[in-house]
Amino acid sequence: MRRDFEEWKVHRKYLEQEGVCAICGNPLSNGFHRHHLNGDPSDNSYENLQLLCPSCHFATFGKDNPWAQHKKVERKVMNLINEMINRAFKKELSGATMERMMDGFIKILQLSRREKGIDEQLEYPPPTIKLLLSENINREIMNSYLEGFKDGVRSVLSYRNKEEER
């Protein structure tokens with residue numbers, strides 16, 4: 001029986017992973033999936049929770065990976081777009097025709113995502129956690145700045161002392 005992880009576990013794991021995918025390190029701010037590490041959907045222990053970007057999560061599905069199937073559709077669409085651009089440079093296509101074809105390509109990609117469930121169960125971090133992470137990042141930036149400033153002051157003082165000794 002599939003059970004869901006408690007929200008507090010997801011929030012804590014998001015902070016622990018510093019807002020990045022546990023596998024590839026991409027930011028989770030664009031959406032993430034909850035993943036049961038041991039593959040047992042009834043085991044909702046904290047140790048069994050991993051937050052993954054959709055690409056890495058779907059890769060755990062093996063040969064039925066909907067992300068890989070969608071990427072094939074994307075590659076086909078990109079090839080068609082390249083052909084269309086080449087034809088436009090040869091003046092075989094008008095701008096209006098290109099625009100209509102691009103609208104069609106966008107629809108194809110949207111349908112592919114919907115059909116393969118790419119965006120289903122996609123979660124986003126709550127604003128409070130995003131704020132907390134940004135505060136931590138700002139604190140680290142400020143500390144780095146202060147350390148650099150201190151190093152600069154030490155360097156100037158060292159230079160002055162050497163000048164005074166001469």
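The values are calculated or read from the model by the stated rules, or taken from the named source; none is laboratory data. This structure is a prediction, so every number in the text was calculated from the model and none was measured. Note: ideal-geometry Cβ built from the backbone for every residue, glycine included; neighbour counts use all protein chains shown.
Data table
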| quantity | calculated |
| --- | --- |
| Elements of type helices (runs of 4 or more DSSP H) contained in region 1-105, each with 3 or more residues being assigned by TED's automatic domain parsing to the domain that holds Lys130 and either within 29 Å of Asn136 (Cα to Cα) or at pLDDT 90 or above (or both) | 7-16, 54-59 |
| Members of region 115-136 found to be surrounded by 12 or more Cβ atoms within 10 Å (Cβ to Cβ), outside any loop (DSSP other than H, G, I, E, B) and over 17 Å from the mean Cα position of the chain (by Cα), listed by number | Glu115, Leu132, Asn136 |
| Region 46-65 - residue that is out of contact with any His (no Cβ under 9 Å at 6 or more places or on another chain) and within 11 Å of Cys24 (Cβ to Cβ) and, of those, surrounded by the most Cβ atoms within 10 Å (Cβ to Cβ) | Ser55 |
| Residue within region 149-162 that is surrounded by 10 or more Cβ atoms within 10 Å (Cβ to Cβ) and under 34 Å from the mean Cα position of the chain (by Cα) present | yes |
